[in-house]
There are 2 protein chains.
Amino acid sequence: MKKLILPATALAVSVSASAQAQDVPIVRDAEYYILEEQHGERWATEDTEIDAVIAEFKALNDGNPPNILYILLDDVGFGDMGSPTMNAVRGYKTPAVNQIAAEGMRLARMYTEPSCTPTRVAFMTGRHPVRNGMANTAVDISGFGLADKEVTLAEVLSDVGYNTVHIGKWHLGDIREAWPNWQGFDYAAFPIHQQGQLTIYHDDGADEEVAISLYENNYDSKYTLDNWFRSDASAMVTGVEGVRNENVREVNMEPGERWTEEKYHQMNVDYQEQAMEQLRMLSAKDEPFFLNYWPLYPIVGPRTTTDEYTTPNGGTYVEKMKLVDEWIGDLMAEMDTLGITDNTIVIVMGDNGHATKFSPQSGFTPMLYRGGKGATSEGGVRVDAFVRWPGVIEEDTVVNDITHVVDLFTTLARIGGATDGIPRDRVIDGIDQTSLLLNGDTYGRRDYVFLYAINSLEAVVKEHIKLAIPGGSIENAILADFYHLFRDPQEKYPVSTEIGAWGGAKFVRMIERHIKRKAQYPDEAPGLGRPYEGIDNLRPESVEAVEEYLFMVGTPQK
Amino acid sequence: MKKLILPATALAVSVSASAQAQDVPIVRDAEYYILEEQHGERWATEDTEIDAVIAEFKALNDGNPPNILYILLDDVGFGDMGSPTMNAVRGYKTPAVNQIAAEGMRLARMYTEPSCTPTRVAFMTGRHPVRNGMANTAVDISGFGLADKEVTLAEVLSDVGYNTVHIGKWHLGDIREAWPNWQGFDYAAFPIHQQGQLTIYHDDGADEEVAISLYENNYDSKYTLDNWFRSDASAMVTGVEGVRNENVREVNMEPGERWTEEKYHQMNVDYQEQAMEQLRMLSAKDEPFFLNYWPLYPIVGPRTTTDEYTTPNGGTYVEKMKLVDEWIGDLMAEMDTLGITDNTIVIVMGDNGHATKFSPQSGFTPMLYRGGKGATSEGGVRVDAFVRWPGVIEEDTVVNDITHVVDLFTTLARIGGATDGIPRDRVIDGIDQTSLLLNGDTYGRRDYVFLYAINSLEAVVKEHIKLAIPGGSIENAILADFYHLFRDPQEKYPVSTEIGAWGGAKFVRMIERHIKRKAQYPDEAPGLGRPYEGIDNLRPESVEAVEEYLFMVGTPQK
């Protein structure tokens, strides 16, 4: 048997940024080369055909590649949308997403990172966030974020002529360089932080005691010495808006004003209206567009703030899921009206499993797969994902090859004609899955996923077998439990005794390759900076909150 | 608020059999009257419209009601067929059943009894098998079965002119009166027992040690005194065939011959071929038909007897599930050829959750719902169920009202014009769900299910709330755990503290009504008799096995 050797490029040290050009191959993780060695020739043939399809599409589309509308939903688990059968199991309906599923392709084995920020970093950069210090999620003021040197999908698409807009959740840091309008988007409207602040850690959340560590709470605070230990979410910056590489402005908050659930609802409504408006504006231009719409709903806080429950399920998140589905339907209808349905790729997906913390009041508990947000069991990292591209992607199809959200970076860059903009000086985890989209089931180019919980490698999937690494201790991998994901979606019945040590040995080698590659391309720190710099109208309480933060992270070490 | 009182008929003592006539109402369980009191008027209006629809169908169908093809699959759990999404989760495909789902209606909340025999009794009689002594399942020679006095769907349909044929699994007892050709079927081909004998307790099963208590096993039997303690499945009667109310003959087994997995496979192939042949013969007649086809596959025994694994799942049951799906596709294609697709109701469903005993080698583990065959958690009693009636039942629909397999008895009798034949001297649990089939979601007439494990009431479902009775002790029901089945399909997060004692009180009252009704219509014993009487060509070893059985059940009590 032929001995597999990593190609020279895989072993090379980082090339300088100036050497980035189309003749320099993308730097991959080791596992990709294992597959490329076996299938590279076939892939090259397919790619030639794919190039012809894309060229044909562009010829029919005024020379433009397709528009891209990417809708990323927060904390929606596998089976929560896009299927009438699963709708029945849950007791609510998602007709708009079901329609997109019927008109497009379900990526049935789409993996994400186990929580919001890492998944979003993975999509934007095509890199596992463990590589760029963004595997962790900050909920409070934190002074870090997506580094400027990271190259985002917005940047590479912008470089080839796309108009780029981001609307909604971002949550990639509270420092300026991390914000979407500094990361390649021409225009952005987004909250600096996330729904922890916006729905739970505010006064309404305090009233219902859905969170601890709040500034105001339902008890006598006579023993409280340290007010800074608690969060005052209203002092944190809320929603901001701005254009590319310019300061942003906070909107809809006056100095001294308190954040409420009602304001959160309005923020959601505003983002939906802005998404609709941007769709109209972008479609009127000559260039293609990339509209990145990341709704904050279905995540919602106190139960009492929803007026009416309109599903048999009656969960808080479910109620907002139904609303978001309606909004997605509105966007699709607007696209029909604008005549851009046929030249726009629409992707709808979740960013990780649903948040089990609020089960079952949310309406969601783990269902098909075990675990939820935060877990590296399948329930934490498997999501519903649908791609519609009329006339190019076959409608009403289901593909069962493994994909990971990082792949969308590479795939959309390729379809947008922006592959040359992908940096060549760092590992790109995203794999070009255009062949899967165009040719269908079994045309995927990935048979593995590395699953990190923040910075700890907790599980590895290869084919349909999953290795759960005990305590994250990689040297024990050979002794670890394996699960057969088709036969046992809930990872409850280890098949280790069947697969045996030979399977373990293969997994250990796979992990060793992955780690060896990291020695060549080490994980890096995130961007660091002063929180909230670059906001023109910072409220006095926000200025004070930053001072408190700086004192807390600085002084105690003195 | 109006006080609910059970109507007089509900409190009356049993009417004599001679009084059975169409003006005597069907005797119901108490819960039905609670609903009828609230919705009876609306139901009557709907029923008038439904009668018109059925009359119109008959007018267009030479005066005949529709043919009925009922395909009941063994040990196939919820999500195992009929959905491309769930196919992807499991790693195999069921295109034929998916097609039936697309052309018909998914009954998304179809409940069964928790195992094979009880579910089949429920379908045939419209009664929970606890009422007629058939809630238990015998795997060996047993001398009991479905009593002659039970009135089956085959009998009531036969009485109004249907030709009736049963092919495949029966498993309602090894005494003559229990057999399909004595229970209303003009012709029947079936094994007396079930797959325990046919796939596990035979010599191939012994070789692979998939079962204990076998006649031959892979050890030195020098300490064995009692050969009768072990089963010799080859001595038990296997498949028989016969016509109505006449003796049957065992087929494909000579005296002294051993049963093998190969013979089991051939039995399955034969039943499929007979189902195809019967379809052709029945469709050529002037009368409508009821073809009851209950495949033995996907249940299969030793892993080594499958030559080739052709799905990514690779499970033993999955491999046969794929085969059964192909066979169902063949039946559907044959119906098209025969021109009977439009005047035939096709129902495909499972009989209980998949058998978790052989997980994950079977390819099945609990998935959407917790538990499997034998459990009263949803995983044991929720099944995939699809009904196709072209032009009458709307295609590609999903209804989420509660249904139970007993309802098919009453519903199919009504559609077949045989309601008058339903006996009036016993409780009929089956509810007429024709309105649900014809009018769709929310037109169901049942909001409850009583879930028995054999003869013990273990759980009660009312609406989307499920009460799990601790240790089957009904007086503790008020303290029991409730589950919200939409939000928590796996019954892991009790919401008892939310629903509180008021919910418990309602459930207790519901159970009390159910028990009070049983005092009026007590549970009865099954039919009893000498095993295997009525088989013309009983093999000598079968005669001997019966003698051993009679000695064992008789002598020790002397």
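The values are calculated or read from the model by the stated rules, or taken from the named source; none is laboratory data. Keep in mind that what you see is a predicted model, and the values were worked out from it rather than measured. Using ideal geometry, Cβ is built from the backbone for each residue, glycine included, and neighbour counts are taken over all protein chains shown.
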Exclusive hit being buried (at least 22 other Cβ atoms within 10 Å of the Cβ), in contact with a Lys or Arg (Cβ under 8 Å, 6 or more places away or on another chain) and outside the structural domain of A:Val346 (by TED's automatic domain parsing), set A:Val406, A:Val460, A:Val399: A:Val460
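Considering B:Val383, B:Val348, which residue is β-branched (Val, Ile, Thr), touching a residue at least 24 places away in the same chain (Cβ under 8 Å) and closer than 26 Å to B:Glu31 by Cα?
B:Val383
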Considering residues of the range B:333-369 that are facing chain A (nearest Cβ under 8 Å) and among the hydroxyl-bearing types (Ser, Thr, Tyr) only, the residue nearest to B:Asp488 (Cα to Cα): B:Thr365
All positions within the range B:84-134 that are hydrophobic (A, V, I, L, M, F, W, C) and out of contact with any Ser or Thr (no Cβ under 8 Å at 6 or more places or on another chain): B:Ala88, B:Val89, B:Ala96, B:Val97, B:Ile100, B:Ala102, B:Val121, B:Phe123, B:Val130
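With the condition kept exactly as written, say whether any residue in the range A:328-341 is assigned to a helix (DSSP H, G or I) and within 24 Å of A:Thr112 (Cα to Cα). Write out each step before concluding.
Taking the range A:328-341 as the starting set, the residues that turn out to be assigned to a helix (DSSP H, G or I) are A:328-338.
Subsequent filtering for residues that are within 24 Å of A:Thr112 (Cα to Cα) retains A:328.
Yes, there is a match, as at least one residue in the range A:328-341 is assigned to a helix (DSSP H, G or I) and within 24 Å of A:Thr112 (Cα to Cα).
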Unmet criterion (only one of (1) in contact with a strand residue (DSSP E or B) (Cβ under 8 Å, 6 or more places away or on another chain); (2) in a helix (DSSP H, G or I); (3) modelled with pLDDT under 95) for B:Val324: (3)
The listed residue being among the small types (Gly, Ala, Ser) and modelled with pLDDT under 95, out of A:Ala188, A:Ala206: A:Ala206
Residues being under 17 Å from A:Val324 (Cα atoms), of a type outside the set (Ser, Thr, Tyr) and out of contact with any helix residue (DSSP H, G or I) (no Cβ under 7 Å at 6 or more places or on another chain) - total across the range A:268-289: 6
Candidate set from the range A:412-456 (those that are among the aliphatic types (A, V, I, L, M) and surrounded by fewer than 20 Cβ atoms within 10 Å (Cβ to Cβ)); member that is farthest from A:Ile54 (Cα to Cα): A:Ile454
Residues located in the range B:252-283, provided they are hydrophobic (A, V, I, L, M, F, W, C) and more than 15 Å from B:Glu541 (Cα to Cα): B:Met267, B:Val269, B:Ala275, B:Met276, B:Leu279, B:Met281, B:Leu282
Helices (runs of 4 or more DSSP H) contained entirely in the range A:22-107, each with at least 3 residues that are within 14 Å of chain B (Cβ to nearest Cβ) and free of Cβ contacts under 8 Å to residues at least 60 places away in the same chain: A:84-90
Any hit, the range B:51-69, residues being under 21 Å from B:Tyr297 (Cα atoms), surrounded by 18 or more Cβ atoms within 10 Å (Cβ to Cβ) and either out of contact with any Pro (no Cβ under 8 Å at 6 or more places or on another chain) or of a type in the set (Asp, Glu) (or both): yes
Subset of the range B:522-539 [touching a helix residue (DSSP H, G or I) at 6+ places or on another chain (Cβ under 9 Å), surrounded by fewer than 17 Cβ atoms within 10 Å (Cβ to Cβ) and not charged (D, E, K, R)]: B:Pro522
Residue within the range B:306-323 that is β-branched (Val, Ile, Thr), farther than 27 Å from B:Asn64 by Cα, in contact (Cβ under 8 Å) with a residue 60 or more places away in the chain and within 14 Å of chain A (Cβ to nearest Cβ) present: yes
Yes/no for A:Glu498 being within 14 Å of another protein chain (Cβ to nearest Cβ), more than 30 Å from A:Glu49 (Cβ to Cβ) and at pLDDT below 90: yes
Subset of the range B:160-207 (residues that are touching a strand residue (DSSP E or B) at 6+ places or on another chain (Cβ under 7 Å) and among the β-branched types (Val, Ile, Thr)): B:Thr164, B:Val165, B:Ile167, B:Ile175, B:Ile192
Checklist (1) modelled with pLDDT of 95 or more; (2) on the phi < 0 side of the Ramachandran plot applied to B:Tyr532, failing item: (2)
Top-ranked residue of the range A:466-493 - restricted to ones that are surrounded by fewer than 18 Cβ atoms within 10 Å (Cβ to Cβ) and either closer than 28 Å to A:Gly126 by Cβ or in contact with a His (Cβ under 9 Å, 6 or more places away or on another chain) (or both), ranked as modelled with the lowest pLDDT: A:Gly472
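Take the residues of the range A:159-175 that are in contact with a Phe, Trp or Tyr (Cβ under 6 Å, 6 or more places away or on another chain) and not in a strand (DSSP E or B): which is farthest from A:Ile428 (Cα to Cα)?
Per the criteria, the residue is A:Lys169.
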Residue check for A:Pro302: assigned by TED's automatic domain parsing to the domain that holds A:Tyr70, touching a residue at least 40 places away in the same chain (Cβ under 8 Å), crowded, with 22+ Cβ neighbours inside 10 Å and of a type outside the set (Ser, Thr, Tyr): no
Residues that are within 16 Å of A:Gly173 (Cβ to Cβ) and part of a strand (DSSP E or B), drawn from the range A:108-158: A:Phe144, A:Gly145
Residue satisfying condition, being touching a Pro at 6+ places or on another chain (Cβ under 6 Å), among the aliphatic types (A, V, I, L, M) and touching a residue at least 40 places away in the same chain (Cβ under 8 Å), within set A:Met332, A:Met367: A:Met367
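Rundown of residues vs (1) out of contact with any Pro (no Cβ under 9 Å at 6 or more places or on another chain); (2) assigned by TED's automatic domain parsing to the domain that holds A:Asp203; (3) closer than 23 Å to A:Pro298 by Cα, yes/no style:
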{"residue": "A:Ala233", "(1), (2), (3)": "yes, yes, yes"}
{"residue": "A:Gly239", "(1), (2), (3)": "no, yes, yes"}
{"residue": "A:Asn245", "(1), (2), (3)": "yes, yes, no"}
{"residue": "A:Met253", "(1), (2), (3)": "yes, yes, yes"}
{"residue": "A:Glu262", "(1), (2), (3)": "yes, yes, yes"}
{"residue": "A:Met267", "(1), (2), (3)": "no, yes, yes"}
Positions within the range B:43-86 being under 30 Å from B:Lys285 (Cα atoms) and small (Gly, Ala, Ser), in sequence order: B:Ala52, B:Ala55, B:Ala59, B:Gly63
